[in-house]
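Okay, structure first, notes after.
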């Protein structure tokens with residue numbers, strides 16, 4: 001019998017649930033930061049619009065009150081139906097801008113190959129042709145620093161997308177919610193149906209004309225303080241004004257995000273929450289918020305955690321890497337205990353130059369080489385992650401000897417509370433001068449998830465530009481930021497005996513001239529990808 | 001004829017067609033916002049529509065288009081339209097030939113039930129109906145006849161005019 005297949009599609013790369021942090025799966029076709037930006041766009045709409053905040057309230061209700069979970073989820077799903085196009089269109093639009101920022105034009109050009117039709121269709125609502133962007137380009141070009149023009153243009157385009165999406169999502173809802181318990185009431189749902197953002201979007205886009213875009217950009221540029229501001233309130237205010245103006249032009253009602261009070265709404269359900277006005281938070285705090293992400297590492301990593309490689313075996317693999325590439329890679333190690341086990345998560349990086357050389361020697365497709373040309377010189381390329389098992393307390397100081405490195409450097413101090421655990425204290429005491437560094441490595445496979453002879457060694461996809469800003473900020477405020485990025489530990493049972501004892505990195509491994517920023521980026525990439533937090537999560541699932 | 005063309009021929013927009021496509025090929029409770037890509041790794045699921053099912057989907061699409069024209073909502077959100085088509089199709093697969101209005105009733109009750117008939121007519125999808133008409137439809141849904149004549153209950157009442165959907 002002949003069959004007709006609908007879209008076969010189930011590679012889920014990211015997830016966002018209102019009220020939570022974006023979740024990203026590493027090791028997929030898309031760089032994690034691209035997926036992160038997509039999910040962050042959802043969070044942006046949930047934080048900055050009236051309907052988004054209502055949805056956040058529903059998600060919190062479902063999460064905190066098991067008896068109300070089913071109902072809250074049903075209403076949330078129903079609400080999402082009314083704004084799916086706005087949410088996914090804006091998120092996918094933001095994702096495309098991030099691809100351009102990363103110089104991953106291949107991902108933009110080939111979007112039809114990997115985006116489902118529904119996302120493409122929603123994206124199409126937000127894209128505009130180049131003719132409509134002339135004024136935006138002109139404004140970006142007025143910036144003095146030519147190097148900044150491209151980034152500025154993408155930023156401005158992002159603001160324009162936000163204005164359109166936020167206008168559709170800023171429905172009048174405060175009065176309905178103020179009438180009494182309202183989160184899951186039918187009258188609220190009916191009201192949302194009558195003010196569906198996906199329907200409002202049609203009017204919004206008709207008025208998001210080239211003239212409006214140009215005027216909006218001029219207002220944003222003009223509003224920027226001459227002296228750097230401590231907060232982003234100025235930006236938030238001007239964007240809110242523009243959203244309001246756009247709604248007025250489209251002849252649809254507008255209500256700001258703060259018309260929805262989550263403490264009040266959730267208080268009616270017996271849930272206490274405290275709100276912070278993010279407009280007045282320091283920019284650095286908001287960047288940390290924007291960087292927040294929970295990364296899931298996939299089956300390969302799960303297997304690696306549950307079956308760590310003995311140190312000796314890791315050394316064999318490491319030597320193989322060096323033979324293959326003829327030079328030492330940069331290494332960042334996360335060291336931690338899981339129950340009675342000490343594990344070493346060894347992240348091996350190389351540089352653009354080294355990767356390029358390897359590509360040429362191994363004859364990778366020309367397109368891959370061209371793509372590499374667009375990547376910053378100081379971007380780290382993660383090529384290996386090894387999960388090694390260390391004897392408790394015994395072999396940590398020996399790690400450098402196993403891998404033939406001269407120096408290692410701690411990049412984070414352990415936390416004082418770790419010393420309350422006598423065994424942790426013993427380990428760190430023995431570590432002594434272990435200052436790690438210079439794990440010379442190299443790569444074997446750069447892409448595609450192929451494995452080495454050791455079944456416990458996972459390859460990671462090429463990382464591209466990885467959060468250079470994050471790296472700078474992490475390192476300038478060490479060690480606190482390292483602890484900040486231990487995700488979700490508070491959700492775990494108290495008896496899970498897992499702790500990251502510290503991190504160390506190789507020092508100047510690729511060459512004597514390895515720039516400090518490259519090393520920082522390697523650390524940032526390690527932190528950002530949060531493998532250690534994945535270990536927490538897996539252990540929690542196992543009920544440890 | 002492809003499934004996509006079949007749906008498009010019924011008058012549904014491309015976006016609604018693609019959302020129907022998503023809904024039939026993805027298991028999700030709909031309360032999260034996932035980024036799902038096309039599967040090129042050879043893993044995962046695919047939804048197959050056999051020849052026998054095509055008329056069911058076509059009927060679901062046609063009924064929905066007709067119903068949209070009869071309601072007073074100026075425009076429906078694409079995902080809401082897709083949800084109606086998918087529910088109609090899935091019930092037809094279960095040998096339950098619902099009308100579009102009955103499907104819309106079930107969607108309302110699933111999302112926000114239990115509800116009274118008075119509350120149901122507040123919904124944009126129901127507002128052209130009277131309370132008594134809605135009550136009559138609900139009564140029919142309590143003993144709904146399948147193709148083979150077997151009756152099944154799709155909604156139930158608490159006796160106080162509060163209705164909820166059963167196993168939607």
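Observations
- Over the range A:185-253: Rg over Rh, Cα atoms, Kirkwood Rh: 1.12
- Taking all pairs of distinct alpha-carbon atoms in the range A:14-291, Kirkwood radius in angstrom: 19.4
- You can think of it this way: the chain between residue A:179 and residue A:357 has 57.4 nm of extra reach, that is 0.36 nm per residue less the Cα-Cα gap.
- Take each peptide in A:81-94, B:110-123, count the other Cβ atoms within 10 Å of every residue, and average; sorted highest first, the result is A:81-94, B:110-123.
- A simple spin-label model places the labels of residue A:312 and residue A:227 6.6 nm from each other, with each point 7 Å out along Cα-to-Cβ.
- Given R0 = 45 Å, the distance between the Cβ atoms of residue A:258 and residue B:150 translates into a calculated FRET efficiency of 0.25.
- Sorted from greatest to least, the principal axis extents spanned by the alpha carbons of the range B:98-168 come out as 34, 23, 21 Å.
- For B:22, A:312, order by how many other beta-carbon atoms lie within 10 Å, fewest first: A:312, B:22
- Inter-part distance, the range A:52-124 to the range B:109-156, computed on C-alpha centroids, equals 31 Å.
- FRET efficiency estimate (nearest 0.05) - Cβ-Cβ, residue A:100 to residue B:59, R0 45 angstrom: 0.55
- Contact order relative to length of the range A:210-290, as percent, for alpha carbon pairs under 8 angstrom and 6 or more apart: 30
- As a proxy for reagent exposure, ranking A:99, A:348, A:333 by other Cβ atoms within 10 Å from fewest up yields A:99, A:333, A:348.
- Peptide A:75-86 has a mean of 6 when you count, residue by residue, the C-beta atoms of other protein chains within 10 Å of its C-beta.
- Among B:91, A:359, A:119, sorting on how many other beta-carbon atoms sit within 10 Å of each Cβ, with the fewest leading, yields A:359, B:91, A:119.
- Using R0 = 30 Å, the C-beta based FRET efficiency linking residue B:142 and residue B:70 works out to 0.80.
- Label-point separation, residue B:94 to residue B:50 (7 Å along Cα→Cβ), nm: 1.9
- Residue A:277-residue A:289 pseudo-label distance in nm [points 7 Å out on the Cα-to-Cβ vector]: 1.3
Any read-out appearing in this document is the output of simple, stated calculations on the displayed coordinates, not a laboratory observation. Worth saying up front: this structure is predicted, and the values here are computed from it rather than measured. Note: ideal-geometry Cβ built from the backbone for every residue, glycine included; neighbour counts use all protein chains shown.
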